[in-house]
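The structure under discussion appears below in the form of structure tokens.
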Amino acid sequence: MKINQRHSWTLTVEEAIAIQEQLQAEVITVDQLKEPVQYVAGVDMGFEADGTISRAAVAVLSFPDLQLQETSIARRPTSFPYIPGFLSFREIPAVLDALEKIKLTPDIILCDGQGIAHPRRFGIACHLGVIVDIPSIGVAKSLLVGKHQDLSDTRGNWQPLIYKGETVGAVLRTRSGVKPVYISSGHRISLSTAIDYVLRCTTKYRLPETTRIADKLASNK
């Protein structure tokens with residue numbers, strides 16, 4: 001993939017906030033997918049050398065059969081500290097390096113993190129989606145912002161995630177009796193379509209196959 005770098009990654013927090021506010025205006029939360037979807041990708045991060053080296057992984061799977069087609073790993077020095085709400089500035093530089101190595105361009109990217117379910121409506125799935133201009137979904141393992149009603153234990157059940165009076169995502173049960181995940185639009189995809197694709201990418205585990213495989217690669221499991 002050819003990546004168009006939109007900005008520097010050596011930033012202060014104030015500069016990072018300004019970039020989030022600027023690029024958030026470009027986020028699209030309606031469906032702009034290439035049909036039929038043939039490839040879905042997962043991206044995830046790990047860290048080496050006490051966090052000083054970022055290790056990004058990309059896994060591209062065929063869709064809908066979810067067969068692994070291509071993987072890529074990239075490392076680079078970690079250039080941004082861990083600060084909640086600024087995950088993308090810490091992780092995306094290495095993710096972009098890994099994406100540049102793949103030959104298959106995914107139709108949807110599933111990110112281990114938030115989309116618009118974020119204090120400034122600009123989580124890592126939004127940031128990555130806008131930069132590469134590919135439909136993206138935030139699939140987070142924990143809640144960052146918002147509240148929701150109780151969720152039944154049945155696979156496929158979901159409840160809206162409400163933040164400041166607005167639906168910013170959904171809490172989704174991907175496996176019966178297992179902890180839910182938190183879904184939100186990243187870029188060029190609606191919430192309902194994001195939920196549908198996350199469920200279709202999830203088999204017998206809590207996480208989608210895209211994320212699960214990328215996580216193993218990123219953490220060298």
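The values are calculated or read from the model by the stated rules, or taken from the named source; none is laboratory data. None of these values were measured; they are calculated from a predicted model. Neighbour counts run over all protein chains shown; Cβ positions are idealised from the backbone, glycine included. To get the accessible areas, we keep the full protein, side chains included, count just its heavy atoms, and leave off ligands, DNA and RNA. Shrake-Rupley method; radii C 1.70, N 1.55, O 1.52, S 1.80 Å.
From largest accessible area down, sort ASP133, ASP150; use a 1.4 Å probe on the protein chains.
If we order ASP133, ASP150 from most to least accessible, we get ASP150, ASP133.
What is the percent carbon and sulfur in the accessible area of the chain, measuring with a 1.4 Å probe over the protein chains and ignoring ligands?
Roughly 49 percent, rounded to a whole number.
Give me the distance between the Cα centres of the stretch 87-113 and the stretch 7-70, rounded to whole Å.
4
State the extension gain, in nm to one decimal, for the chain segment bounded by LEU104 and GLN67, taking 0.36 nm per residue of separation less the distance between their alpha-carbons.
12.0 nm
So what's the back-of-envelope 222 nm ellipticity for the chain, counting only DSSP H runs of four-plus at -39500 (n - 2.57) apiece and dividing by all residues, rounded to 500? Intermediate values should be presented prior to the final figure.
Values: 5 runs with 57 residues, N = 221.
Helix contribution divided over all residues of the chain: -8000 deg cm²/dmol.
What are the residues whose amide H is under 5 Å from the amide H of ILE53, where those residues sit 5 or more places off or on another chain and H is modelled from the backbone?
For ILE53, whose amide H was placed from the backbone, the distant partners under 5 Å are GLU48, THR78.
Pick out which of SER88, SER54, SER62 has the largest mean-square fluctuation in a Gaussian network model of the chain, springs linking Cα atoms closer than 10 Å.
Fluctuation is largest for SER62.
Rounded to the nearest Å, what's the spacing between the alpha carbon centres of the stretch 179-221 and the stretch 125-155? Just the number, please.
Here the two parts' Cα centres lie 9 Å apart.
Ignoring ligands, DNA and RNA, what accessible area per residue does the chain give at 1.4 Å, in Å²?
Value returned for the chain: 44 Å² of accessible area per residue.
Tell me, what is the percent relative contact order of the chain, built from C-alpha pairs under 8 Å that lie six or more residues apart?
23
What's the ranking of 139-145, 151-157, 178-184 by average number of surrounding C-beta atoms within 10 Å, highest first?
The densest-packed peptide leads the list: 178-184, 139-145, 151-157.
Which order, highest average first, do 18-26, 123-131 follow once you tally other Cβ atoms within 10 Å for each residue and take the mean per peptide?
123-131, 18-26
Compute, for GLU35, the solvent-accessible surface of its heavy atoms (probe 1.4 Å) with the complete set of protein chains present, and express it in square angstrom to the nearest 10.
130
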